[in-house]
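Undergrad: Please see the structure below; I have some questions.
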Amino acid sequence: MSRYATTGWYEFLLPVRTPGGEDHLRVWIDMQDVVPLLRRLDRVYGDPEHPYCRDLTQVPNAARDLVAMVMEHVIEHPGCVRRVAVRRSLFAELQERFGVRRSAYPVPYPEIIDQVDLDLAQALLLLPVVLDRGRAGRGGDRG
């Protein structure tokens with residue numbers, strides 16, 4: 001089971017701010033990159049006997065901290081990102097502002113799914129520009 005839980009990709013919704021308003025990117029990264037971030041959260045919100053968040057009032061802070069850590073990680077290590085998708089309206093805005101193209105992914109989404117996969121190479125260049133690191137914030141002051 002532990003091998004299954006630590007392999008593959010994991011999806012995060014990362015906040016972005018554009019002239020069109022607040023939105024989010026759907027970003028998939030390797031679990032091998034997520035596990036160390038989760039271990040950091042364990043050290044902040046747990047203790048040696050209980051390495052996990054036991055105080056349920058701290059769960060929202062832990063979630064915000066994880067999003068903030070993921071944003072920093074994908075900016076510092078863009079090679080960990082496997083896929084980036086956005087809503088169609090955000091794609092149109094990014095295409096107009098930055099010339100972003102769709103991914104060459106061979107299977108188009110049906111209209112009911114409001115999503116466009118971005119060209120990964122272009123999307124990685126945009127991460128430092130569009131991610132709203134302030135919106136993720138820091139939950140806890142410990143660590």
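Undergrad: Applying the selection to the stretch 1-16, what residues are at pLDDT 90 or above and loosely packed, with under 15 Cβ neighbours inside 10 Å?
TA: Hits for the stretch 1-16 are Glu11, Leu13.
Undergrad: Among the residues of the stretch 49-76, write down those that are out of contact with any helix residue (DSSP H, G or I) (no Cβ under 7 Å at 6 or more places or on another chain) and either of a type in the set (Val, Ile, Thr) or over 14 Å from Asp132 (Cα atoms) (or both).
TA: Across the stretch 49-76, the qualifying residues are Glu49, His50, Arg54, Asp55, Leu56, Thr57, Val59, Pro60, Asn61, Ala63, Glu76.
Undergrad: Specify which of the listed residues (Arg64, Arg83) is over 22 Å from Asp119 (Cα atoms) and among the basic types (Lys, Arg).
TA: On inspection, the qualifying residue turns out to be Arg64.
Undergrad: For the stretch 98-133, name all the residues that are more than 23 Å from Val34 (Cα to Cα), out of contact with any Leu (no Cβ under 9 Å at 6 or more places or on another chain) and modelled with pLDDT under 95.
TA: Listed by number, the residues that qualify are Ala104, Tyr105, Pro106, Val107, Pro108, Tyr109, Pro110, Glu111, Ile112, Ile113, Asp114, Gln115.
Undergrad: I've got another one for you. Filtering the stretch 101-138 down to residues that are of a type in the set (D, E, K, R) and assigned to a helix (DSSP H, G or I), which residue is farthest from the chain's Cα centre (by Cα)?
TA: Arg135
Undergrad: Quick one: in the stretch 101-136, of everything that is hydroxyl-bearing (Ser, Thr, Tyr) and touching a residue at least 12 places away in the same chain (Cβ under 8 Å), which residue is surrounded by the most Cβ atoms within 10 Å (Cβ to Cβ)?
TA: Going through the qualifying residues, I end up with Ser103.
Undergrad: Since Leu90 meets every condition but one in (1) touching a strand residue (DSSP E or B) at 6+ places or on another chain (Cβ under 6 Å); (2) at positive phi, which condition does it not meet?
TA: Failed condition: (2).
Undergrad: Which of the numbered conditions does Ala63 fail, given that it passes all the others? Conditions: (1) surrounded by 14 or more Cβ atoms within 10 Å (Cβ to Cβ); (2) farther than 22 Å from Val34 by Cβ.
TA: Evaluating Ala63 over (1) surrounded by 14 or more Cβ atoms within 10 Å (Cβ to Cβ); (2) farther than 22 Å from Val34 by Cβ leaves (2) as the failure.
Undergrad: Between Glu22, Glu49, which is loosely packed, with under 14 Cβ neighbours inside 10 Å and over 23 Å from Leu124 (Cα atoms)?
TA: From the options Glu22, Glu49, the qualifying one is Glu49.
The values are calculated or read from the model by the stated rules, or taken from the named source; none is laboratory data. Quick caveat, the model's predicted, so the values are computed rather than measured. Because the Cβ atoms are built from the backbone with ideal geometry, glycine has one as well, and the counts that use them run over all protein chains shown.
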